[in-house]
Structure formats: C-alpha cells, structure tokens
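Below is one structure, written out as structure tokens; comments come after it.
The values are calculated or read from the model by the stated rules, or taken from the named source; none is laboratory data. Being a predicted model, the structure only gives us computed values, none of them experimental. Here the Cβ positions follow ideal geometry from the backbone for every residue, glycine too, while neighbour counts run over all protein chains shown.
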Amino acid sequence: MIMIDHEKCIRCVGCSSVCPKNAIEYVGERMVVYPDRCIDCGLCVKVCPANAIELFPKTRDISQLPPEARNRYNV
Amino acid sequence: MEKNDYDVVIVGAGPAGSTLARVCAQGGLDVAVFDKRKSIGNPVRCGEGLGSREVIEQGLEVPKWAISTDVKGAKVVAPDGKEIIWESGETSGWVLERKLFDSWLAQLAVLKGAEVHVNNRVVDVMLDNGRIRGVKVKNGADSEISDVTARMVISAEGMESFTARRMGFPTVHRLYDVDTCYQYEMQPYSHQNLIELYFGNKVAPRGYVWIFPKGDKRANVGIGIGAHLETRVKNSNIKGADPKPYLDEFIRNNRELKDASTLMDFGGVISVCEPIGKFTMDNAMVIGTAAKQVDPIHGGGIALAMESGALAGDAILKAREKNDFSEGFLFNAYEKPWRETAGNKMAKRLLLRKVIERLDDDDLNYIFGNMAQEDLAEIVGKNRFAEVAARMVAGRPQLLKVLGALMGK
C-alpha cells in the first residue's frame, strides 16, 4: 500500500490520474487511499511532483506498517 | 438540495463544465453543475495562459478583472541560450487570474439559468439496466447522500475524472502520457508581456520551462517534464520524474529570478497524449481535460475545454429535440465533429511533440540557430509547423531520421 504525506501533498490529483486501480481519490479536501485496491505498482510515487507518496510493498493495512513509518505518519 | 431531477447534470465547474452549462441553459434545459471544491477555481493548478481566438469565436469578452496581463508575443530560448522573439504587435492572448476566470464562466452559466452547487461531491453513478440515469451527490456540509436523476450526465472533472471512470470511460494515463509539473508565482520579474519558453534536455527533459507574465511584475515560472523519465531516486527508493530540482536550478541561473520572492508554490500533472478513445455512451459524455483534450505540446487545456463544452452543449440540445440520448446520436453530434476538427489538430500536434522529444540539444540549437523571427511568427501566429519544419530538415538531414523513425512507427 501507499502512504501520502498530507503536509507535502499539493492535491494535484496526478496520482489518481495514473493509478490503474482507482486506489487514490480526492475526497473532501485531501487525497484518500484505498489500500485494498493498491497493487504496489509505484506509478503514483514516480509521477508525484511533490514527493509526497511512499510505497510499502506487501502491506495491506496500517497495522502492518513498520513502527517507524507509523510514528512518522502518526497512525 | 430540494430539487433532484434535471435534464443535464455536469460534474465539475471548470471551463468545460461551465461552458456546457451555459449553452444548455441558454437552450432552455434544466441544468445542474456539481463541484466538489468549496470555491470555484480554487486551488489554481494552471499556468493560466490562454490564446484569445477561442474565446472570441464563442462571442465572449473576458472581463478585465479576470485577466492578469495581456500577452503580445513569445520568446523562445534554445539550450545554448539563443533567443528568438516574436512580437505580434497586438494582444494574442492573456495570462489569466484563473480563479476569477473560472468564476466568471460559472456566473455566465448561472445568469442563463443553470444551477451551480459547490462543495457537492459526486460519489457514484446511478444505473438503470446498464444505462446511466443519474448521480449520487454528497453535500460537504452534511453526510447525507442525495440521488439526482438526469437525462444526461457529463464528466467535466479535469485530470482526476472520477465520475468518468465510474461510468466506464478509459481515462487512466500511462506515465508516458503525462508531464509532471511544478510552478511558482514569483515577483518581481520585469517582463515585456512575452510568454517565455526555455528548451533543452538539461533544462527540462521532454518539456520546457515557461515564464508567463502576470500583472504587477509577477510571473508564473513553471516546468513540465516527461513523467516516464527517471530523473531522481524518489521515496521508497523508486526512480521517477522530479520536476522541482530542474525548476530550482533554472531559477538559480536566472539573473533576476534568483532574487525574486515566491508567492505561490504548487505542482501538478498534465496530459500530453491522445484524447481518450471514447467520449460518449448512452446518456453520458466526457469533455475537456477529463477526456484528455489537452494540447500535447504546451499542455494547455482551457481553450479545448471551452470548445468541447460548446460543441457538447449543441449536441445535447439536438438530442433533446430528437429525444434521443443514445450513444449513437451523441457520437454523431459531439464526438465525430470533435475528432474531425479539434481532434485532427491535436493529432498533428501530438506528432510534433513526438518529434521534438527525439531531438537532442545539438538538434535544438541547430533549429533555433537557423530559425528566423518570421519562422516563429509562422509557427506561433499561424500555427504552421510543417512548413517551417520542412525548411529546417532541408538544412540538417539528421533531423530527417527523427521524422522517418516516427513515420515508420
């Protein structure tokens, strides 16, 4: 799955425009990720002009994130 | 929301959606536009440049308050620093205050009788035996979701194209199809009302740096580079395209900009590819950037969006007259004429973009070194690339290989 740093994110929706699985949507005032749809392709990381996306391969939900990342994302 | 049935529901109140709403409402249709943003045109994610021709063709006059500055020509700079300046002698376009421009277009639609609802997000499409019959709308102020039915649902949502995807239109981009961009609004920058474009594979690989002049010595200084390029190791050790370091380097090397202030800082992604393969289905259409109707060379989408909005509006009025909202009718009334006119132009410009992206800096320096002001006038003013390209190739046979390789593919 991916994590989006909402401080860095500029809400340009570039990530959703290249996501082949509709796993990222602009909801309300920010981008929302649907981890169950994510296929770890990393296209969103490549395209993001703000470097706001991180990929955590083979991670299906927040509880599986490394502790360091959970700290950093405050989840 | 009290009313829940319309002739036409439009998703997105940008230039495409508002133009479509205006045309439909003027023709007597009951129109609602839903936009998920809290205010129209905000956030601005745009270089804000617009040629004047399309607006004039629609019989519109952009109010002074929506224009930041008049554009009176262009300056193009080669990798080796050679400049070519073309001055039109009159206003050939504008750099807009995009937020105000979008708001103005929405107001025109409202004045013709359309309803515009901001802070209303379309969360799903409603189907009836496979046919689109409306949308589900969530008002930002509460959690309630309302069903809104319509004869026609149009996606005019720009890059994200959420509703279009839900309806089954093929709107996903490949990386090669987009440029990833970064832009600052900067001040002060003493410009001469010229659009400035800087080329070079070190300046902006498969793209360019632009300086669009704005009022009060401001300027939009931006860059777009091919998103498929791997210019830097990004997060998670993934190599990808990163436009910002190129833009920062450009600014450090610019005598005036290196000391200027940054008033706005943002990025974005734009289509520079062919339009999507299908714009119409029963009771539904896609218009503007959502349909990838974006100039593949400069990434501008406003003019194409307005053109498409107007054409789609006429198509819906015709459909109403015949009471036929089928894919076949909409295809003939909107998609087919679009592809024969704007689409044709876009295809030529896409080919040109593919030629340009195969040029190395030596080729570019040669072209610019041999290009006279009149050539630039022919390209920018009259949109005649082929003639100029032919003269260039005549002097540098290596360029022919580039063309040949393309045609062979």
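Kindly check whether there is at least one residue in the stretch A:42-57 that is over 11 Å from the mean Cα position of the chain (by Cα), of a type in the set (A, V, I, L, M, F, W, C) and more than 8 Å from chain B (Cβ to nearest Cβ).
no
Name every residue in the stretch B:170-203 that is at the interface with another protein chain (Cβ under 10 Å from one of its Cβ atoms) and either hydrophobic (A, V, I, L, M, F, W, C) or part of a strand (DSSP E or B) (or both), in order of residue number.
B:Val172, B:Leu175, B:Val178, B:Asp179, B:Thr180, B:Cys181, B:Tyr182, B:Gln183
Residues checked against (1) within 14 Å of chain A (Cβ to nearest Cβ); (2) among the hydrophobic types (A, V, I, L, M, F, W, C); (3) not in a helix (DSSP H, G or I):
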{"residue": "B:Asn42", "(1), (2), (3)": "yes, no, yes"}
{"residue": "B:Glu54", "(1), (2), (3)": "no, no, no"}
{"residue": "B:Glu90", "(1), (2), (3)": "no, no, yes"}
{"residue": "B:Phe101", "(1), (2), (3)": "no, yes, no"}
{"residue": "B:Ala109", "(1), (2), (3)": "no, yes, no"}
{"residue": "B:Val122", "(1), (2), (3)": "yes, yes, yes"}
{"residue": "B:Val125", "(1), (2), (3)": "yes, yes, yes"}
{"residue": "B:Ile132", "(1), (2), (3)": "no, yes, yes"}
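Identify, by number, the condition in (1) crowded, with 19+ Cβ neighbours inside 10 Å; (2) over 22 Å from B:Tyr184 (Cα atoms) that A:Val47 doesn't meet.
(2)
Only residues in the stretch B:42-53 that are free of Cβ contacts under 8 Å to residues at least 60 places away in the same chain count as the first member; pair them with residues that are outside any loop (DSSP other than H, G, I, E, B), Cβ under 8 angstrom, at least 6 apart or cross-chain, and list the lot.
B:Asn42/B:Lys99; B:Ser52/B:Gly93; B:Ser52/B:Trp94
Select from the stretch B:239-275 the residues that are β-branched (Val, Ile, Thr) and within 11 Å of chain A (Cβ to nearest Cβ) and list them in ascending order.
Hits for the stretch B:239-275 are B:Val269, B:Ile270.
Being more than 12 Å from B:Asn235 (Cβ to Cβ), surrounded by fewer than 20 Cβ atoms within 10 Å (Cβ to Cβ), modelled with pLDDT of 95 or more and charged (D, E, K, R) narrows it down to one of A:Asp36, A:Asp40, A:Asp61, A:Asp5, so name that one.
Matching residue, one of A:Asp36, A:Asp40, A:Asp61, A:Asp5: A:Asp40.
Return the residues of the stretch B:56-84 that are assigned by TED's automatic domain parsing to the domain that holds B:Ile195, surrounded by fewer than 13 Cβ atoms within 10 Å (Cβ to Cβ) and outside any loop (DSSP other than H, G, I, E, B); say none if nothing qualifies.
Once the filter is applied, which keeps residues that are assigned by TED's automatic domain parsing to the domain that holds B:Ile195, surrounded by fewer than 13 Cβ atoms within 10 Å (Cβ to Cβ) and outside any loop (DSSP other than H, G, I, E, B), the stretch B:56-84 yields only B:Glu83.
Being out of contact with any helix residue (DSSP H, G or I) (no Cβ under 8 Å at 6 or more places or on another chain) and farther than 23 Å from B:Asp147 by Cβ is the filter here, so list the residues in the stretch B:111-121 that pass it.
Residue satisfying the conditions is B:Leu111 alone.
Evaluate the following for B:Asp142: is it assigned to a strand (DSSP E or B), over 30 Å from B:Glu357 (Cα atoms) and among the acidic types (Asp, Glu)?
In short, no.
So which residues in the stretch B:272-283 are in contact with an Asp or Glu (Cβ under 6 Å, 6 or more places away or on another chain) and polar (S, T, N, Q), if there are any at all?
B:Thr280
How about the stretch B:244-267: which of its residues are at pLDDT below 95 and crowded, with 17+ Cβ neighbours inside 10 Å?
B:Phe266, B:Gly267 - these are the residues of the stretch B:244-267 that are at pLDDT below 95 and crowded, with 17+ Cβ neighbours inside 10 Å.
Residue by residue through the stretch A:8-33, note down the ones that are more than 9 Å from the chain's Cα centre (by Cα), more than 8 Å from chain B (Cβ to nearest Cβ) and surrounded by 15 or more Cβ atoms within 10 Å (Cβ to Cβ).
If the condition is that a residue be more than 9 Å from the chain's Cα centre (by Cα), more than 8 Å from chain B (Cβ to nearest Cβ) and surrounded by 15 or more Cβ atoms within 10 Å (Cβ to Cβ), then A:Cys9 is the only one that fits.
(1) hydroxyl-bearing (Ser, Thr, Tyr); (2) outside any strand (DSSP E or B); (3) more than 8 Å from chain A (Cβ to nearest Cβ): which one isn't true of B:Ser236, the others all being true?
Answer for B:Ser236: the failing condition is (3).
Which of the residues that make up the stretch B:335-388 are hydrophobic (A, V, I, L, M, F, W, C) and farther than 26 Å from B:Ser271 by Cβ?
B:Phe368, B:Met371, B:Ala372, B:Ala377, listed by residue number.
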